[in-house]
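Participant: Next up is a structure, given as structure tokens.
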Amino acid sequence: MVKNHLDKNGSFTGSPKPPHPTTSTDPHSRKGSQEELDHSLNHHNEDVKKLSDDIDRFIDELSTCHDKSNPPKVPEIIETFSKIIESKISKHSTSENSSTRLCKMTEEDNFFVEAVTRLSKLTNSLSEFPLGSTTTRSLNRTSMVLQRAMTLMEEDLRALLEDSSSSHVKVHKNSSFNSNRLLVDGELCSLTLSESSGEEEYPSFPPDVVTRMNRIASTMIMAGYETECCQVYSTTRRNACFEQMKKLEFEKINMEDVQRMQWDSLEGEITRWIRAVKNCSTTLFPGEKRLGDSVFSESPMNSQTLFSNLARAIVIQLLDFAEAVTMTKRSAEKLFKYLDMYEALRDLIPSIKNSCSNECENELNSEIQATIDRLGESAVSIFSDLENSIKNDVARTPVPGGAVHPLTRYVMNYLKYACEYKITLEHIFQQHVKLEESNANVNANSSAKFKPILEVEAENDSPHCNSETTPFSIQQVTIMDLLDTNLEAKSNLYRDPALRHIFLMNNGRYILQKVKGSAEIHQVMGDTWCRRRSTIVRHYHKNYQRETFGKVLQILTHDGMQVHGKVAKTTVKERFKNFNVIFDEIHRSQSTWVVSDEQLQSELRVSISALVIPAYRSFFGRFRQYLDNAKQAEKYIKYQPEDIEILIDDFFDGNSTSMARRKT
């Protein structure tokens, strides 16, 4: 290539520097010289095609000359051709700025690109002859002009890539590169706005700008300036990508700072990181790939290499942050952010597939997968921590009123949110089991954790048994079993057996409703579990009724009311008196108990009414007449049957002032 024959000053290696043209310092003199040159060039431009044909014929003549020691005579058109290109370079170099320069390019500048291409071919042909031959002077001349042209094109390419106006769609008129499309793999394509969404694509370069960049890149590469061209493109696009990341409010944070962050601050950084990763997957990487393929349509290997280097730089920065996060102290609250990070990285892999070189793709896939695996293991570890936290949640004071325990709410809401990531967690736990089983040293531990659970489920006919058993479903079942065991222990804190059953009923109903309300949890636990859980809750209900109203019903029974065939008045008085005392105590205490589930609360009140009111009405109707007079009746009969129904409606309100509302 010609470039390899040039030193840093643009002179041909091994030959003296070509003499610089003498220029006058007088501005009027320079102006006159330029006018003369323009006049001469205009004369030559009248027959540009003939000049180009003459240059092409001379290039053919050089290529067919087999005796390199005896080159053909160099015609004067070579100097004329060089001056024409120099004139174009000077004209564009004196523009106010590169953007203006490019906007002012007209159709005649198509000739400039073609001329530089032709000059490159000419210089390559001249370089095949030995130094000191008759072609050396012309070689130095064309080499210097070519280097100036390459410098201009390099500046133009950088300007096009860096031009702030390129971030918005703006059509430049009168462009020398005026085509709105370019040929890629034999098909016309362009970078345009998304017609379906109406939003700008990234990067939003106008089609004519992309076409100009394509022609500049193709010309520079053909002329041997591939390194300079790729370096400019690589630097500017990398800067643009990191600027895009800044717009998404994500910037590089070192590992030490990440580990020192409080969770509230780190959570915000993770949210921004996830947004950046998703942007890379959906916008940045596809956009950079399209741009690179368009600009380097004639050299796809360059496009692939440039994208590979860009993707590597961005991905490594993203992975550094993720690695730092996985090294922070784990806690249950971090699970969902870990899973969001896991999914974001998982979706990043397809965006680099078939876009990078094989080596780069394999390297990045390996690095991304390693980070994904660490995030997955962190999630598994957090679930293990959740198990331990349930086991270790030992309370010494019961929850007032037998209400739903905070642990129950926390665990069930946690599982509900976790099941929104069901597919991801299924994959994570499957990978975890495979990893455990592949390690012979911990294979026994793996079996101890998962296999016995299935055996115990089968042996005990557990209500949690489900036909579709997976490592993640087993994990959920384990947590549910631990929660049941913990709640059973906490229920023993209540001295009143009836309140103990209310507590178990409240928590059991809450768990059941959470499972039914989440399709994901329901799918894991199954219909059989739900039916059995409902049976267990009804069992608590019956136990509550027995513990609370067993004595009440014994008082209201008609048995034992007669002595020698006659109703004993003293027994009637004693029964009414005992009923009043017991029911007052039940009302006083159970009005402060809590049943927050409205349906369960209603079911309890209805069942109590159905149990107590008919018995009391029957007893009231049968034995009231045996009280001697109204005064005696008022003394022993505290409640009318309709009063009982009103008082039952006070039950489970959690209100200590309910007694004030009763009727006497």
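Participant: Mind computing the radius of gyration and Dmax over the alpha-carbon atoms of region 252-375? Å is fine for both.
Facilitator: Rg, Dmax (Cα atoms, Å): 15.5, 53.
Participant: Separate question: Can you compute the FRET efficiency between Glu585 and Thr283 using 1/(1 + (r/R0)^6), with r the Cβ-Cβ distance and R0 = 51 Å? Round to the nearest 0.05.
Facilitator: E between Glu585 and Thr283, to the nearest 0.05, is 0.15.
Participant: Find the centroid of the Cα atoms in region 555-590 and in region 287-321, then give the distance between the two in whole Å.
Facilitator: Between the Cα centre of region 555-590 and that of region 287-321, the gap is 90 Å.
Participant: Heads up, I need the accessible area for His539: 1.4 angstrom probe, whole protein in place, Å², nearest 10.
Facilitator: 100
Participant: Let me ask something else. What does the accessible area of Glu367 come to, in Å² to the nearest 10, when a probe of 1.4 Å is used?
Facilitator: Approximately 90 Å² of Glu367 is accessible to the 1.4 Å probe.
Participant: With every protein chain left in place, what is the accessible area of Thr227 in Å² (1.4 Å probe, nearest 10)?
Facilitator: 90
Participant: For Asp653, what residues show an amide H to amide H distance below 5 Å, using hydrogens built from the backbone and excluding near sequence neighbours?
Facilitator: HN-HN under 5 Å from Asp653: Trp593.
Participant: Same structure, new question: Run the simple label-point estimate for Asp60 and Ser90 please: 7 Å along Cα→C-beta, distance reported in nm.
Facilitator: With each label point 7 Å from Cα toward Cβ, the separation is 3.3 nm.
Participant: Are there trypsin sites (Lys or Arg not before Pro) in region 285-350 that DSSP puts in a loop and that have at most 16 other Cβ atoms within 10 Å, and which ones?
Facilitator: The qualifying sites are Lys329, Arg330.
Participant: With a point put 7 Å past each Cα toward its Cβ, work out how far Leu131 is from Lys516 in nm, to one decimal.
Facilitator: 9.4
Participant: Take every Cα pair under 8 Å in region 252-375 that's 6+ residues apart, average their separations, divide by the length, and report that relative contact order as a whole percent.
Facilitator: 37
Participant: Can you pull the one-decimal nm distance between simple spin-label points at His558 and Glu251, each 7 Å off the Cα toward Cβ?
Facilitator: 8.9
Participant: Determine the dipole magnitude for region 516-569: charges of +1 sit on the beta-carbon of Lys and Arg, -1 on that of Asp and Glu, nothing else is charged, the reference point is the Cα centre, and the result goes in debye to the nearest 20.
Facilitator: Dipole about the Cα centre, nearest 20: 180 debye.
Participant: So for region 260-414, taking the charge dipole from beta-carbon charges (+1 Lys/Arg, -1 Asp/Glu), which of Ala370, Ile316, Thr326 sits furthest toward the positive end?
Facilitator: Projecting each Cα onto the dipole axis, the largest value belongs to Thr326.
Participant: Rounded to the nearest 0.05, what FRET efficiency do Gln430 and Asp385 give with R0 = 22 Å and r taken as the Cβ-Cβ distance? Could you check?
Facilitator: About 0.60, to the nearest 0.05.
Participant: On to the next question. What ranking of Glu267, Glu155 comes out by heavy-atom accessible area, probe 1.4 Å, highest first?
Facilitator: Glu155, Glu267
Participant: Where does each of Asp650, Asp347 land when they are ordered by accessible area, with a 1.4 Å probe and the largest first?
Facilitator: Asp347, Asp650
Participant: Relative to the Cα centre, what is the charge dipole magnitude of region 252-375, using +1 at the beta carbon of each Lys and Arg, -1 at the beta carbon of each Asp and Glu, and rounding to the nearest 20 debye?
Facilitator: Value, rounded to 20: 240 debye.
Participant: With a cut-off of at most 14 other beta carbons within 10 Å, and DSSP calling the residue loop, which trypsin sites (Lys or Arg not before Pro) in region 367-412 qualify? Please list them.
Facilitator: Answer in residue order: Arg396.
The values are calculated or read from the model by the stated rules, or taken from the named source; none is laboratory data. Remember, it's a predicted structure, so these values are computed and weren't measured experimentally. Ideal geometry is used to build each Cβ from the backbone, glycine not excepted, and the neighbour counts take in all protein chains shown. Keep in mind that these areas ignore ligands, DNA and RNA; they rest on the heavy atoms of the full protein, side chains included. Shrake-Rupley method; radii C 1.70, N 1.55, O 1.52, S 1.80 Å.
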